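The block underneath contains the structure these notes are about, expressed in structure tokens.
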Amino acid sequence: MTDTVTHDYNDLVRDRLNRLCKPPGSLGDLESLTHRLCTTQQTLTPKTTPRRTVVFAADHGVTREGVTAWPSEVTASVVRLMQQQRTASGVFARALQCDYEVVDVGLLHPVESVSSSVQFINAAKRRGTGNLRCEPAMTEDDFDYVWQVGGRRAEAAANAGCHLVVGGEMGIGNTTSASCIVGLLADVDASLVVGRGAGIDDAGLVRKRSVVCDAIHRVRSLGDTDAKQVGRQVGGLEIVALAGFYARAADLGLTIVLDGFIATAAAILAESIFQGSAQRMIAGHCSAEPGHRAALSHLGLSPLLDLNFRLGEATGALAALPLIDLAAAMINDMATLDDLENP
């Protein structure tokens, strides 16, 4: 959207909010959220249902560097539970009446589909990534493929009538990949962007910082690399798929609710390749990962919640949905000052 159109539309939304039956600004940040929701959909009557959560899953070669407290086998184990909607994000999605699907884009250990209400899609072409510390995580063909997988899932959500989408990820070791992406594309120092992920100890944190610094130095030594090459060098298959999901969802005019640090790294990748994607995004929360707030700031986004989450899987974004529902209800259903004058 052009700056002129955005400016004109901002005025329309602001006028509508000020005409609601309340003192202007009296609902504080909820009014700011309502404004953001309206502008993501370019309407004064935004919708938050139907909605869908899509979780992309893959494994990372960098785990052999000791950057995580968990082995790669855990990724597949969690995905099996996701299919039964028994992980946190699955439980949250069911409670909030949000469609839920899981997409394998690179598990080392493939899992079979089980009979459940969750759509499980095996879209893996490559099983796991290379070790980003010393080699490209994926080929250019791998990047293009998983980006398109993500785009097709956004198209499927739009074709199902969804107005709002949430993207999630599952992949042991993926905070290391996300740290590299944010460090390179948002120019954030590795010492500030690397956190404990799923709970590594002090020695593990030192190793992780060293790995991220080595990877960033390796990529920078390649010369002038664009965002796609950054994704290819240090991205995860699930992170690139999520970025493709965001970019296509934005292109289709869907509201995107961002999750935590890894999802925001994917959002930075999406915005860097498909500029304007961030205009369709709402930041659901700020995670406990130290680089998340800097990543959100790079996109010009402020989080709705700060609940000290560090889980991923789309949990923080889902936790924000009730607030987004309230924002929609306020502008869609509240009486206006005109109703006071003409009861």
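The values are calculated or read from the model by the stated rules, or taken from the named source; none is laboratory data. These figures come from a predicted structure and were not determined experimentally. Ideal geometry is used to build each Cβ from the backbone, glycine not excepted, and the neighbour counts take in all protein chains shown. Side chains included, ligands, DNA and RNA excluded: accessible areas come from the protein's heavy atoms. Shrake-Rupley method; radii C 1.70, N 1.55, O 1.52, S 1.80 Å.
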Test for Leu132: is it of a type in the set (A, V, I, L, M, F, W, C), over 20 Å from the mean Cα position of the chain (by Cα), over 30 Å from Pro322 (Cα atoms) and surrounded by fewer than 18 Cβ atoms within 10 Å (Cβ to Cβ): no
Being open to solvent by 40 Å² or more (accessible area, probe 1.4 Å), among the hydrophobic types (A, V, I, L, M, F, W, C) and out of contact with any helix residue (DSSP H, G or I) (no Cβ under 8 Å at 6 or more places or on another chain) is the filter here, so list the residues in segment 169-222 that pass it. Ala203, Val206
Suppose the filter is touching a Phe, Trp or Tyr at 6+ places or on another chain (Cβ under 8 Å) and either of a type in the set (Asp, Glu) or buried (at least 18 other Cβ atoms within 10 Å of the Cβ) (or both); does Asp104 pass it? yes
Which one is nearest to Leu269 (Cα to Cα), of the residues in segment 184-209 that are part of a helix (DSSP H, G or I), without any contact (Cβ under 8 Å) to a residue 60 or more places away in the chain and not polar (S, T, N, Q)? Leu184
Would segment 139-154 turn up any residue that is more than 24 Å from Leu252 (Cβ to Cβ), under 20 Å from the mean Cα position of the chain (by Cα) and free of Cβ contacts under 8 Å to residues at least 24 places away in the same chain? no
Taking segment 186-241 only, how many residues are in contact with an Asp or Glu (Cβ under 6 Å, 6 or more places away or on another chain) and of a type in the set (Gly, Ala, Ser)? 1
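When only residues in segment 107-129 that are closer than 30 Å to Ile324 by Cα and at pLDDT below 95 count, which is surrounded by the most Cβ atoms within 10 Å (Cβ to Cβ)?
The selected residue is Val118.
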Take the residues of segment 261-277 that are in contact with an Asp or Glu (Cβ under 9 Å, 6 or more places away or on another chain), open to solvent by 10 Å² or more (accessible area, probe 1.4 Å) and in a helix (DSSP H, G or I): which is nearest to Phe143 (Cα to Cα)? Ile273
Answer residue from segment 289-343, given it is free of Cβ contacts under 8 Å to residues at least 24 places away in the same chain, assigned to a loop (DSSP other than H, G, I, E, B) and not polar (S, T, N, Q) and is surrounded by the fewest Cβ atoms within 10 Å (Cβ to Cβ) among those: Pro343
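Could you please let me know if Ala57 is of a type outside the set (Lys, Arg), open to solvent by 10 Å² or more (accessible area, probe 1.4 Å) and either under 22 Å from Ala266 (Cα atoms) or part of a loop (DSSP other than H, G, I, E, B) (or both)?
So Ala57 does not fit the description; no.
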Is it the case that Ala137 is modelled with pLDDT of 95 or more, closer than 29 Å to Leu81 by Cβ and outside any helix (DSSP H, G or I)? yes
Exception for Thr45 within (1) open to solvent by 30 Å² or more (accessible area, probe 1.4 Å); (2) β-branched (Val, Ile, Thr); (3) under 29 Å from Thr87 (Cβ atoms); (4) modelled with pLDDT of 95 or more falls at (3)
From the list Arg64, Arg86, which one is over 24 Å from Val165 (Cβ atoms) and either open to solvent by 40 Å² or more (accessible area, probe 1.4 Å) or part of a strand (DSSP E or B) (or both)? Arg64
Number of the condition not met by Ile172 [criteria: (1) in a loop (DSSP other than H, G, I, E, B); (2) at pLDDT below 95]: (2)
Let me confirm something: among Asn159, Asn174, which residue is closer than 30 Å to Leu96 by Cβ and free of Cβ contacts under 8 Å to residues at least 12 places away in the same chain? Asn159
Out of all the residues in segment 20-37, is one or more touching a residue at least 12 places away in the same chain (Cβ under 8 Å), surrounded by 15 or more Cβ atoms within 10 Å (Cβ to Cβ) and closer than 30 Å to Ile121 by Cβ? yes
Would you point out which residue out of Ala76, Ala69, Ala93 is under 19 Å from Ala319 (Cα atoms) and either outside any helix (DSSP H, G or I) or open to solvent by less than 20 Å² (accessible area, probe 1.4 Å) (or both)? Ala93
